[in-house]
Amino acid sequence: MKSSKLSGRYAKALHLFALEENQEESVYQDILFVRSVFKENRELHVVIESPIIIADKKYRIFEELFHGKISEITAKFLKLIITKRREPALMAIFENFIQCYYDHHHIKSATLTTATQLQPALLNEIKTMLEEQTKSTILLNELIDEKIIGGVMVKVDDFFFDASIIGKINKLKTEFSQNLYQTNF
């Protein structure tokens, strides 16, 4: 079984169980918390994924780190992951769970790339426009990339809109390179 299928199945099962128990929001917050701990501590990530360290020791590490800080559902889920020896897929499971949560609440993540920092009013206007277009709540990530010279690039899910100057320059380069009539001009 591929890791992506495995992580998707575990994440979906956790999400459905959290919904049934009316604990979706607390489990979501737990997942964000545990994921941030893993991202901040590379050593912890390596220890948990190590096949040499026995499952009981890994579970005691989780107990020490997260006891009283996460819900019972999340704690039992982490124990299940350790028992089934699925720790290497843990971060992928977290990402898939977050995506399940976003899908359930009609939340989409968007990336807005500009050459300079935009004013907050303009950012809110762009966010509102994207929310109207997608009929979803938008989590807007703003990136500054001076290489695009000017304009904007927007990415929402699989949709990519490029209204940057560098994008237009690249498009013109492509059109000119394909012009067969004046290659030697």
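Taking the listed residues HIS15, HIS45, the one that is under 23 Å from THR137 (Cα atoms), part of a helix (DSSP H, G or I), of a type outside the set (A, V, I, L, M, F, W, C) and within 19 Å of the chain's Cα centre (by Cα) is HIS15, with no other qualifying. Being under 30 Å from LYS57 (Cα atoms) and open to solvent by 90 Å² or more (accessible area, probe 1.4 Å) is the requirement here; does LYS171 meet it? It is false that LYS171 is under 30 Å from LYS57 (Cα atoms) and open to solvent by 90 Å² or more (accessible area, probe 1.4 Å). The set of residues in segment 19-28 that are part of a helix (DSSP H, G or I) and over 9 Å from PHE77 (Cβ atoms) comprises LEU19, GLU20, GLU24, GLU25, SER26, TYR28. Checking the stated criteria, LYS76 turns out to be open to solvent by 70 Å² or more (accessible area, probe 1.4 Å), basic (Lys, Arg) and free of Cβ contacts under 8 Å to residues at least 24 places away in the same chain.
Selection of segment 27-44 for residues being in contact (Cβ under 8 Å) with a residue 40 or more places away in the chain and open to solvent by 40 Å² or more (accessible area, probe 1.4 Å) yields LEU32, ARG35. Could you say whether any residue in segment 89-108 is over 30 Å from ILE54 (Cα atoms), open to solvent by less than 30 Å² (accessible area, probe 1.4 Å) and hydroxyl-bearing (Ser, Thr, Tyr)? So far as segment 89-108 goes, yes, one or more of its residues are over 30 Å from ILE54 (Cα atoms), open to solvent by less than 30 Å² (accessible area, probe 1.4 Å) and hydroxyl-bearing (Ser, Thr, Tyr).
The values are calculated or read from the model by the stated rules, or taken from the named source; none is laboratory data. All of these numbers come straight from a predicted model, not from anything done at the bench. Every residue, glycine among them, receives a Cβ derived from its backbone with ideal geometry; neighbour counts consider all protein chains shown. Side chains are part of the model used for accessible areas, which takes the heavy atoms of the whole protein and leaves out ligands, DNA and RNA. Shrake-Rupley method; radii C 1.70, N 1.55, O 1.52, S 1.80 Å.
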